[in-house]
Amino acid sequence: MQYIKSQSDLQQVSDDSIRASISLHIQTLEHQYDELYQATLHGWFVICEYDNDLTEPFAQLSFSLSEKLSLGEVEFVEKKHDWYEVYIMLNDNEGILIYVPTEILERHKINQI
């Protein structure tokens, strides 16, 4: 699982399409709020890389993506060409946008997808 909480973290993202998508989201947030991107203010990004990333709790959080999806506790799930985007609110202004490659998610039977 990769955590993207700064512009410099984008360098470690190997998938060009996902890196471009996250970069665009960051640019949109900076434009919308007229300030530099800050993960604790604007939210952060997670990229699932392995099957167990669906069931492992997120770092410093007590829940997994699988739990939130099964309980229907997500803001949205959007199907893209090669991945799903899942958005989970953490508090009033912070959330996480999770990128899950299609092949990983389709191997699992999770409610809400």
Exercise for the section: Would you check if there is a residue in the range 62-69 being out of contact with any His (no Cβ under 6 Å at 6 or more places or on another chain), free of Cβ contacts under 8 Å to residues at least 40 places away in the same chain, surrounded by 17 or more Cβ atoms within 10 Å (Cβ to Cβ) and more than 14 Å from Gln2 (Cβ to Cβ)? Expected result: yes
Practice task
Would you tally the residues in the range 70-100 being open to solvent by 50 Å² or more (accessible area, probe 1.4 Å), under 16 Å from Trp44 (Cβ atoms) and outside any strand (DSSP E or B)?
Solution key: 5
Exercise for the section: Evaluate the range 45-56: report whether one residue or more is within 17 Å of Leu105 (Cα to Cα) and free of Cβ contacts under 8 Å to residues at least 40 places away in the same chain. Expected result: yes
Problem - Matching residues, the range 22-52, being open to solvent by 30 Å² or more (accessible area, probe 1.4 Å) and over 24 Å from Asp82 (Cβ atoms) - result: Glu30, His31, Gln32, Tyr33, Asp34, Glu35, Leu36, Gln38, Thr40, Leu41
Handout entry: Enumeration of residues in the range 10-21 that are under 20 Å from Asp82 (Cβ atoms) and open to solvent by 30 Å² or more (accessible area, probe 1.4 Å)
Key = Gln12, Ser14, Asp15, Asp16, Ser17, Arg19, Ala20
Problem - Selection status of Leu105, open to solvent by less than 70 Å² (accessible area, probe 1.4 Å), in contact with a strand residue (DSSP E or B) (Cβ under 7 Å, 6 or more places away or on another chain) and part of a helix (DSSP H, G or I) - result: yes
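The values are calculated or read from the model by the stated rules, or taken from the named source; none is laboratory data. Fair warning: this is a prediction, and the values are worked out from it, not measured in the lab. Methodologically, a virtual Cβ is constructed for each residue, glycine included, from the backbone with ideal geometry; neighbour enumeration extends over all protein chains shown. Note: areas computed on protein heavy atoms with side chains; ligands, DNA, RNA excluded. Shrake-Rupley method; radii C 1.70, N 1.55, O 1.52, S 1.80 Å.
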